[in-house]
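Heads up, the thing below is written out as structure tokens.
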Amino acid sequence: MFVLNNGAVTDIVIDGTNLGTADNTIAGFSYYPNPTTGVLNLRSVDNIENVSIYNLLGQRVMDSRVDATSSQLDVSALSPGTYLMKVSVNGQIGTYKVLKD
């Protein structure tokens, strides 16, 4: 922990434990292959509720209601590139990077 005294009324405290991001993955969820050319296989210990795919501009390009512990997601219509996949499993949200060849 660093304490900076700037000589004014207020001290600034910087605590390194607050820097960074939380882990945005879901235990028991997996997907493959990555990179993919057409079909993305989804598997989970718990029920996969919903899967959304976003481009790097933040635009949702796919949305699928799954309601199962395994599924195949056809991403063949997507252009080659990097996407973010938001997955909802049993009320938890996970975010994953997907590469489309």
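Each value in this text was obtained by applying a stated rule to the coordinates, not by laboratory testing. Model, not experiment: these values are computed from the prediction. Here the Cβ is made from the backbone with ideal geometry for all residues, glycine too, and neighbour counts use every protein chain on show.
Pop a pseudo-label 7 angstrom from the Cα along the beta-carbon direction at both THR82 and LEU56 and give the gap in nm to one decimal.
0.5 nm
What is the percent of Cα-Cα separations in the range 29-100 that go past 15 Å?
Percent of Cα pairs beyond 15 Å in the range 29-100: 46.
Where Lys and Arg each count +1 and Asp and Glu each count -1, what net charge lies around LEU40 among other residues with Cβ under 10 Å from its Cβ?
Within the 10 Å Cβ shell, the charges total 0.
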